[in-house]
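Data block below; observations after.
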Amino acid sequence: MTSHRGPDGRRVPDPRRWRSTGAPAGKPGPWGLVAVAAILLVAASALAWLAHTAGAPEDGGAGPASPPGGSATGTVPGPTAEEPATPPGDDTQAAGGAQGGEGEPGSPAGRGDGTGPSTGDAGGGRVVLRVEEVAAGLEVPWDMAFDPEGRMFFTERPGRINLLDGDRVIRLASLPDTLAIGEAGLLGIALHPGFPDPPYVYVYQTYQTRGRGAAVNRVLRFRFDPGAVASGGASGPGARSPRLVARTVVFDGIPASSIHDGGQLEFGPDGKLYVTTGDARAAAQAQNPRSLHGKILRLNPDGSVPPDNPLGPDNPVYSYGHRNPEGLAFDPVTGRLFAVEHGPDAGDEINRIEPGANYGWPDAVAPASHRGRFTPPLRSYDPIIAPAGAAFYRGPVRAWDGSLFFGTLGFSPDSAGRHLRRVRLDSSGVRVVEEEELFKGRYGRIRAVQIGPDGCVYFGTSNRDGRGEPGPRDDRILRACPVS
């Protein structure tokens, strides 16, 4: 193999080997001096480029650490309460057809403007998309959820919960006890299926036990208070901004680490809350059905264990043998559950999740190694693409109906990741029949993905997580809308 994963999960490439070029013997003439000068100029440029890029962290690693409760990324603050959203940008491109392989090298995140249409055929019809920026100056927007009014609730990993309401980003809550280090922090978000009755908002948080003890993950529930508008106007006496109140711990004790924390939340059509957990650097525990490492959990909305869970009425585990699933989505037509998860140096996966099933980690990685012992993946990726947030499409683009969209992070600008990926499954949901890469390299690391009630695909960048190359407006939430 030409690369491997280090003990912290990072993909480590073989060192580059440079070969020197011999110079011709004898005293050079004038043209020879010009050639030598040109060679020296090129060499100096190459060395400067290497100095600029050396030591950049790669996807899968822990990234830079930060103090407990602090930010794991840069210094650009998130928006303050009721801060107007930045003016939306706008660019247009044509969605291409099914693609395989790594695709073209990407440009550094935040540096490209996303323009320059490409052509192709998406599911038999050309789909032209307009990309708009809906929020900027964020810090690792990790997950998002829409309410029935079309408002977006979203998390920022350092510990913030926000509401995007029209052109305003409103701070609903800041959680200073969030342990934002490496991949840990404030991660998934979900709304109660009856929202706004009851008006419950759920988030997945990493925190540190008392006395600067162990890192642990838990699920918190808040009640959404929509605020009040005064009779004299929104800013008049008696006005109150929307906020989150009545914080409650509904499930605790999920293993945490600086890497492999899972963190996705999703309510199913059965009204149960599904939660992904990572192996938290304890890979062998993913095979223990009584452990919470490397699992997908199924809970009642109050955090209790449903009596019909597949491994027993006292066991929250729904499936096991996972490494680090960061994307979870239910097919809105069939109700089937799918997850995307990170592999080691190979074997990122799309899995169809079945109750009580074992997906093999760490005993099986390659698809062939699952046969007869574990549930094999629907799709395995080598080279890895680092899949993140996922959502099924239902909207005006008929060629996309039923497609699974998910973000990919990629460990470097020219990796196989760093794009929005569309996957179409067959009617049985057991075979991938089409794949498409969108926005390859244009926006850097893409993490959060959700389909809006307007039929647009919303996605958030993750360029300020310590592994990207943030631009001046990162991190951002963008939406890709079909052009009629």
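Which numbered condition trips up Arg431, out of (1) under 21 Å from the mean Cα position of the chain (by Cα); (2) surrounded by fewer than 23 Cβ atoms within 10 Å (Cβ to Cβ)?
With respect to (1) under 21 Å from the mean Cα position of the chain (by Cα); (2) surrounded by fewer than 23 Cβ atoms within 10 Å (Cβ to Cβ), Arg431 is out only on (1).
Kindly indicate whether any position in region 366-381 is outside any loop (DSSP other than H, G, I, E, B), crowded, with 19+ Cβ neighbours inside 10 Å and over 23 Å from the mean Cα position of the chain (by Cα).
Yes, some residue in region 366-381 is outside any loop (DSSP other than H, G, I, E, B), crowded, with 19+ Cβ neighbours inside 10 Å and over 23 Å from the mean Cα position of the chain (by Cα).
Which condition number does Asn315 fail, the rest of (1) open to solvent by less than 10 Å² (accessible area, probe 1.4 Å); (2) under 24 Å from Trp142 (Cα atoms) being met?
Here Asn315 clears every test but (2).
Being in contact with a Ser or Thr (Cβ under 6 Å, 6 or more places away or on another chain), within 22 Å of Asp165 (Cβ to Cβ) and touching a residue at least 60 places away in the same chain (Cβ under 8 Å): is that true of Asp475 here?
yes
Closer than 20 Å to Pro453 by Cβ and of a type in the set (Asp, Glu), is that true of Asp345?
Taking the combined requirement at face value, the residue does not satisfy it.
Go through (1) closer than 16 Å to Val140 by Cα; (2) modelled with pLDDT under 95 for Asp167 and report which single condition fails.
(1)
With within 26 Å of Pro141 (Cβ to Cβ) and among the aliphatic types (A, V, I, L, M) as the only criterion, which of Ala399, Ala366, Ala390, Ala357 stands out?
Ala390
Scan region 455-464 residue by residue and report those that are open to solvent by less than 10 Å² (accessible area, probe 1.4 Å) and closer than 16 Å to Pro413 by Cα.
Result: Thr461, Ser462, Asn463.
Take Tyr318 and decide whether it is among the aromatic types (Phe, Trp, Tyr) and over 22 Å from Val432 (Cα atoms).
yes
Being part of a loop (DSSP other than H, G, I, E, B) and open to solvent by less than 10 Å² (accessible area, probe 1.4 Å) is the filter; apply it to region 318-343 and report the residue that is farthest from Gly389 (Cα to Cα).
Among those that are part of a loop (DSSP other than H, G, I, E, B) and open to solvent by less than 10 Å² (accessible area, probe 1.4 Å), it is Gly321.
If Pro355 passes every condition in (1) open to solvent by less than 40 Å² (accessible area, probe 1.4 Å); (2) in contact (Cβ under 8 Å) with a residue 24 or more places away in the chain; (3) not aromatic (Phe, Trp, Tyr) but one, which one does it miss?
Just one mismatch for Pro355, condition (1).
Does region 329-343 hold any residues that are of a type in the set (A, V, I, L, M, F, W, C) and over 16 Å from Trp361 (Cβ atoms), and which are they?
Selection gives Ala329, Phe330, Val333, Leu337, Phe338.
Sort out which residues of region 344-365 are closer than 30 Å to Pro306 by Cα and not in a strand (DSSP E or B), and write them in order of number.
Glu354, Pro355, Gly356, Ala357, Tyr359, Gly360, Trp361, Pro362, Asp363, Ala364 - these are the residues of region 344-365 that are closer than 30 Å to Pro306 by Cα and not in a strand (DSSP E or B).
For region 306-314, state whether one or more residues are within 20 Å of Arg431 (Cα to Cα) and part of a loop (DSSP other than H, G, I, E, B).
Checked region 306-314: no residue is within 20 Å of Arg431 (Cα to Cα) and part of a loop (DSSP other than H, G, I, E, B).
Which of the residues spanning region 125-162 are touching a helix residue (DSSP H, G or I) at 6+ places or on another chain (Cβ under 8 Å) and small (Gly, Ala, Ser)?
Hit for region 125-162 is Gly125, nothing else.
Please report, ordered by residue number, the strands (runs of 3 or more DSSP E) entirely within region 128-181 with at least 1 residues that are surrounded by 23 or more Cβ atoms within 10 Å (Cβ to Cβ) and of a type in the set (Asp, Glu).
141-146, 152-156
So, in region 403-417, exactly how many residues are outside any loop (DSSP other than H, G, I, E, B) and among the hydroxyl-bearing types (Ser, Thr, Tyr)?
Residues that pass the stated criteria total 1.
Regarding region 269-279, can at least one residue be identified that is under 25 Å from Gly460 (Cα atoms) and open to solvent by 20 Å² or more (accessible area, probe 1.4 Å)?
no
The values are calculated or read from the model by the stated rules, or taken from the named source; none is laboratory data. Bear in mind that the values here come from a model prediction, so they are computed numbers and not experimental data. Cβ: placed from backbone, ideal geometry, glycine included. Neighbour counts: every protein chain shown. The area values use the complete protein model at the heavy-atom level, side chains included, leaving out ligands, DNA and RNA. Shrake-Rupley method; radii C 1.70, N 1.55, O 1.52, S 1.80 Å.
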